[in-house]
Amino acid sequence: MSGRPAHLSRGALVVPAILAGLGIFLVYGTVTMEVVGDGGLFGPTTMPWIVAVLCFVVAALLAFDILRPRPEYDTPAAGAADGSAGDSGEAGPAAPDGVNVPAVLTAVGGVAGFIIVLPFLGWILSATGLFTAVAVALGNRRWPGIVLGGLAVSSAVQVVFSALLGISLPSGFVGGF
Amino acid sequence: MEQLSNLLGGFADILSPSALLFVFLGALMGTAVGVLPGLGSAMAVALLLPLTFVLDPTSALIMFTGIYFGGLFGDSIAGFLMNTPGNSTAIASTFEGHRMALRGKAAQALATGAIGAFIGGMAASALVVFFAPMLAQLATGFGPAEFLALAVFAFVAISAVVADSAIRGVAALAIGLTLALIGIDQPSGSPRFSFGFSPLLDGISIVVITVSLLALGEVFSQAAKVGRAQDTKAVMPTGRWWLSRAEFRQALPAWLRGTAIGVPFGVIPAGGAEVPTFLAYGTERRLDRRKPEPTFGKGAIEGVAAPEAAGNATAGTAMGALLALGLPTSATAAILLAAFQQYGLQPGPLLLERSGDIVWALLAGFFLAMIVLLILNLPFAPLWAQLLRVPKSYLYAGIAVFAAFGVYAAGASTVDLVIMLVLGVLGLAMRLYDIPVAPVLIAVILGPLAEYSLRDAMGNSDNDPAVLVSSPITVVLYLLLAAGVAWTAWRRFAEKQAADV
């Protein structure tokens, strides 16, 4: 399996799983829907049924497309020449699923943290934290630089969009001063 | 000519310092996001959608159009210099453009691209000025069946014809259609898929969906790639940024052929400029093979000129299709449609009648934007190349902050931010496993139109399905669609045959 590109690896089965999940969401929501008035044959539930069927069909086809044997990738030769430069023509990354999990978790965690602290800390401090988290996730470790950079960007957004253009942003406890 | 006097009126409207400033800002930002790999005009316009709350429609829309065209000017810079095209629209021109750069002709390659984008965009804008009113006239006869046909055409074209893998395109389409269903059903007032949770009654805003999938998804995907050895060295352009007479004469026919190939692709909903740029590249390569001394593979100027002209020609006529038919044919056009809707304007046949002044000012803005972009791109290309030196960590951290701001500004709600995080992770999964994002956006924008048109058409005809194919326009659209699907299937089959040899 190691020779397969990312979109045909086992991990790619996430996508059909998402589609099947959406299909179940649609079926459940349509069955429990409180239809206002007489829906008729083509009422508010028609399109959800169509899309739900589409989700299930596409999920099945996509899962088949990912799982079906691919002699061009699954031959022993491709497996043996794993780490070294393959002769498949494309100079892709050696590991198809070369996802840097800690980096992704740092970035996702940064966004989640931002959402939690925004009402309390206000825009400038929360956005500085978000900037720092994403910069760290992308491998930057020069702390003074990224914190100051984040402060500059979030302050600039506050000044241009909130003070000049009048879009409201939460000020948090800083606004109390 | 009525169009000419209208256009002159449009120029009169936008030749004010403030309007010119927005043209300039749009061109500047568009080029910048075009230059930076991974960013694009669709994402830039999505991030700036909150500005529609504070700017007047003409200023905002002119700026957004400048970004759209600017993205297509700038995308070649990273492609030519680093061999990493800023956008999929620059892949075709990068083959020969990067080879020119390696041979020390980076500046000339960039000039060829910029002039090509200028010629393609200008020609397409002129065509839009003359044909948009006629197209709008034709579209006044559109009923629900015709709009359903247009939406179905757009769905199938962008997911099955344009995407590399039809099944992955349709998967993206299904995700988008599902997102579009959440919220109150307009005709009946029934709440759908909100499960008693009131913030979901209004549905998920298009701003949240685009910003999450395009901006945050890209940020997460950059994080996923940290540590992979993939940083390439840039060839910095030096020397003259103009073309010699011989180079100009060589490129001119290619620019014109590229424009001719690009123009029709903006009007038919085939989803952006990828297909026409590759067609233009392929045409030039075939012509080159007949020469006594073929130059393709060694940095052929025609291989740069034709795709760049085709790309901007497509963007120009795509704006025409958006204004006259209300039909977005690319991801950026889909977000521009959302921008119009923020102002309560519905692009389509009635727009010219009801808000003609905005449309003509916008069309005049196209021409100004092209001129500004040519000036920004020709002599200053080396300056733009410096942008490629901005460290990725700062760049994407800034984008994450802007994404959070854009989503929060759109609704001042924490629920929107949570949806953003979920969709951002979805965007990461889609990028990891080669699921295209554009069909999601088209489905979200056109999904409601398709659904309500279908229900109107059936309701008006006692559920007689024949009404869906009863007019010549619907028949022509479905036939065109069938031909497109057949051609794509044949093309994929032929490619597979060729690859097996």
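The values are calculated or read from the model by the stated rules, or taken from the named source; none is laboratory data. Small disclaimer: the values here were computed from a predicted structure and weren't measured. In this analysis, Cβ positions are derived from the backbone assuming ideal geometry, glycine residues included, and neighbour counts consider all displayed protein chains.
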### Task
Could you list, in sequence order, all residues of the range B:23-36 that are of a type outside the set (Gly, Ala, Ser) and either within 19 Å of the chain's Cα centre (by Cα) or surrounded by 24 or more Cβ atoms within 10 Å (Cβ to Cβ) (or both)?
B:Val23, B:Leu25, B:Leu28, B:Met29, B:Thr31, B:Val33, B:Val35, B:Leu36
### Summary
Within the range A:115-147, restricting to residues that are free of Cβ contacts under 8 Å to residues at least 24 places away in the same chain and of a type in the set (Gly, Ala, Ser), the one that is nearest to the other protein chains (Cβ to nearest Cβ) is A:Ala135
### Task
Within the range A:22-45, identify whether any single residue is touching an Asp or Glu at 6+ places or on another chain (Cβ under 7 Å), facing chain B (nearest Cβ under 9 Å) and modelled with pLDDT under 90, and answer yes or no.
yes
### Query
Looking at (1) touching a helix residue (DSSP H, G or I) at 6+ places or on another chain (Cβ under 8 Å); (2) at pLDDT 85 or above; (3) surrounded by fewer than 22 Cβ atoms within 10 Å (Cβ to Cβ), which is the one condition that is false for B:Pro17?
(1)
### Query
Can you name the residue in the range B:324-368 that is under 20 Å from the mean Cα position of the chain (by Cα) and of a type in the set (Phe, Trp, Tyr) and, of all such residues, is nearest to B:Phe265 (Cα to Cα)?
B:Phe366
### Message
Only one of B:Leu81, B:Leu61, B:Leu15 is among the hydrophobic types (A, V, I, L, M, F, W, C) and under 17 Å from B:Thr332 (Cα atoms). Can you tell me which?
### Response
B:Leu61
### Query
Looking at (1) outside any helix (DSSP H, G or I); (2) free of Cβ contacts under 8 Å to residues at least 60 places away in the same chain, which is the only condition B:Ala318 fails?
(1)
### Query
On the given criteria, is B:Gly303 of a type outside the set (S, T, N, Q), assigned to a helix (DSSP H, G or I) and under 11 Å from the mean Cα position of the chain (by Cα)?
no
### Query
Can you find even one residue in the range B:422-430 that is over 25 Å from the mean Cα position of the chain (by Cα) and on the phi < 0 side of the Ramachandran plot?
no
## Note on the structure
If we keep only residues of the range B:59-89 that are at pLDDT 85 or above and surrounded by fewer than 24 Cβ atoms within 10 Å (Cβ to Cβ), then the residue farthest from B:Ser16 (Cα to Cα) is B:Ala60
### Checklist (1) among the hydrophobic types (A, V, I, L, M, F, W, C); (2) farther than 17 Å from A:Leu19 by Cβ; (3) in contact (Cβ under 8 Å) with a residue 40 or more places away in the chain applied to B:Val437, failing item
(2)
#### Entry: Test: B:Thr329 is crowded, with 24+ Cβ neighbours inside 10 Å, assigned to a loop (DSSP other than H, G, I, E, B) and in contact (Cβ under 8 Å) with a residue 24 or more places away in the chain
yes
### Query
Looking at the range B:190-213, which of its residues are over 29 Å from the mean Cα position of the chain (by Cα), closer than 23 Å to B:Ala443 by Cβ and surrounded by fewer than 24 Cβ atoms within 10 Å (Cβ to Cβ)?
B:Ser190, B:Pro191, B:Phe193, B:Ser194, B:Phe195, B:Phe197, B:Pro199, B:Leu201
### Task
Could you grab me the full set of residues in the range A:28-68 that are assigned to a helix (DSSP H, G or I) and closer than 18 Å to B:Pro448 by Cα?
A:Gly29, A:Thr30, A:Thr46, A:Met47, A:Pro48, A:Trp49, A:Ile50, A:Val51, A:Ala52, A:Val53, A:Leu54, A:Cys55
### Query
Of all residues in the range B:431-467, which are β-branched (Val, Ile, Thr) and more than 22 Å from the chain's Cα centre (by Cα)?
B:Val467
### Query
If B:Thr84 satisfies every condition in (1) within 15 Å of the chain's Cα centre (by Cα); (2) within 14 Å of chain A (Cβ to nearest Cβ) but one, which is the exception?
(1)
### Message
Of the residues B:Leu243, B:Leu216, B:Leu150, only one is at the interface with another protein chain (Cβ under 10 Å from one of its Cβ atoms) and either more than 30 Å from B:Gly356 (Cα to Cα) or under 21 Å from the mean Cα position of the chain (by Cα) (or both); which?
### Response
B:Leu216
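Table: residues versus (1) at the interface with another protein chain (Cβ under 10 Å from one of its Cβ atoms); (2) at pLDDT below 70; (3) part of a loop (DSSP other than H, G, I, E, B).
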residue	(1), (2), (3)
A:Tyr73	no, no, no
A:Ala85	no, yes, yes
A:Asp97	yes, yes, yes
A:Gly113	no, no, no
### Task
State whether the residues of the range A:117-134 include one that is out of contact with any helix residue (DSSP H, G or I) (no Cβ under 6 Å at 6 or more places or on another chain) and either at pLDDT below 80 or of a type in the set (Asp, Glu) (or both).
no
### Query
Before we move on, is B:Ala123 part of a helix (DSSP H, G or I) and buried (at least 24 other Cβ atoms within 10 Å of the Cβ)?
no
### Query
Considering only helices (runs of 4 or more DSSP H) fully contained in the range B:356-456, which possess at least 2 residues that are within 9 Å of chain A (Cβ to nearest Cβ) and surrounded by 24 or more Cβ atoms within 10 Å (Cβ to Cβ)?
B:392-411, B:414-432
